[in-house]
Amino acid sequence: MPAWTERDDGIVLAVRVTPRAGRDLLAAGTDAHVVARLAAAPVDGKANAALVALVAAAFAVPKRAVTLIGGDTARLKRLHIAGDPHMLAKIAAGRYEAAA
């Protein structure tokens, strides 16, 4: 599975999360996922909330456009980002494509 997949109403992004990192960062990972480092601890949904905010800022969409659709308590998560799928895929390809 690629790190993101286009859908009619946006894209689905696969993310591998590392909580309790020194700072929030979203970066290229592998072909299968993007890497997110979050300062928040995985307690009471704080890391998931921080991830949604980080992804929303990175893709220049409101937080309400980002929905966690898989991996609520796992390190590997899937997020749906609502919006123009071609524009969102272009942003993802430009910033988060894995280095060859």
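The values are calculated or read from the model by the stated rules, or taken from the named source; none is laboratory data. Not measured: the values here are computed from a predicted model. Keep in mind that these areas ignore ligands, DNA and RNA; they rest on the heavy atoms of the full protein, side chains included. Shrake-Rupley method; radii C 1.70, N 1.55, O 1.52, S 1.80 Å.
General remarks:
- Calculated P(r) of the chain - Cα pairs past 18 Å, %: 39 percent
- Among T73, T18, T30, the largest mean-square fluctuation in a Gaussian network model of the chain (Cα springs under 10 Å) belongs to T73.
- Fraction of accessible area attributable to carbon and sulfur, the chain (%, probe 1.4 Å): 54 percent
- For E97, E6, the ranking by accessible surface with the largest value first comes to E97, E6, using a 1.4 Å probe.
- Within straight-line reach of K63, meaning a Cα separation under 16 Å, sit the following lysines at least 8 residues removed in sequence or on another chain: K46.
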